[in-house]
Amino acid sequence: MTPKGRTIVVAQESDNGATPDLVAFVDSSAIVALVDANDNTHSAAVSAYADLMQQGYKLFTTNHVIAETVDLLGTGVGPDIARRWLRDHRLPIYHADEQDERRAKMLVISSRSPRGLTFVDAVSLVVMEKFGVADAFAVDPHFLSETA
């Protein structure tokens with residue numbers, strides 16, 4: 001059974017027969033759920049994170065997600081915890097470039113979703129596509145629906 005808030009794609013063999021690295025993009029929703037024990041998706045996020053680590057996934061995020069996460073944590077669990085997370089996290093960070101941001105802007109403008117598409121989510125989708133990453137660690141149903 002797939003834990004709620006995570007998409008999984010089975011790794012396929014590459015042309016040379018080697019199995020490619022398993023890579024998953026990390027959304028701010030997953031980080032907040034991991035940090036905030038009172039979040040209603042905390043247990044599912046902890047379980048999904050353990051599964052990802054056990055399966056050998058390499059995780060990464062973007063500078064936009066880092067900024068959003070600090071804001072969400074600061075509002076939700078307080079600025080001290082947000083600062084501590086920012087200081088101590090070990091997630092590799094891809095810094096979105098101008099081209100990524102231009103593509104994200106076009107996604108936001110052209111989005112027909114009733115909820116709309118946030119710029120941070122759009123940058124995340126652009127970066128996932130850029131690097132061919134199909135797996136996302138997230139608990140936000142809106143973000144997950146965009147990655148499906």
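For segment 34-68, the candidate set comprises residues that are closer than 24 Å to His95 by Cβ and hydrophobic (A, V, I, L, M, F, W, C); within that set, the residue that is surrounded by the fewest Cβ atoms within 10 Å (Cβ to Cβ) is Ala67. With respect to the conditions (1) of a type outside the set (Lys, Arg); (2) in contact with a helix residue (DSSP H, G or I) (Cβ under 6 Å, 6 or more places away or on another chain); (3) not in a helix (DSSP H, G or I), Gly56 lacks only one, and its number is (2). Within segment 97-110, can one find any residue that is over 23 Å from His42 (Cβ atoms) and polar (S, T, N, Q)? So far as segment 97-110 goes, yes, one or more of its residues are over 23 Å from His42 (Cβ atoms) and polar (S, T, N, Q).
Here is a check on your reading of the model: is Arg102 surrounded by fewer than 17 Cβ atoms within 10 Å (Cβ to Cβ) and part of a loop (DSSP other than H, G, I, E, B)? The answer is no for Arg102.
Test Ser29 against the stated conditions and say whether it is among the hydroxyl-bearing types (Ser, Thr, Tyr), buried (at least 21 other Cβ atoms within 10 Å of the Cβ), part of a helix (DSSP H, G or I) and at pLDDT 95 or above. Answer is yes for this residue.
Sub-7 Å Cβ pairs linking a first residue in segment 82-109 that is over 19 Å from Leu72 (Cα atoms) to a second residue that is in a loop (DSSP other than H, G, I, E, B), at least 6 apart or interchain, are Leu107/Leu117; Val108/Leu117, ordered by first then second residue.
The values are calculated or read from the model by the stated rules, or taken from the named source; none is laboratory data. Remember, it's a predicted structure, so these values are computed and weren't measured experimentally. So basically every Cβ, Gly included, is an ideal-geometry build from the backbone, and we count neighbours across all protein chains shown.
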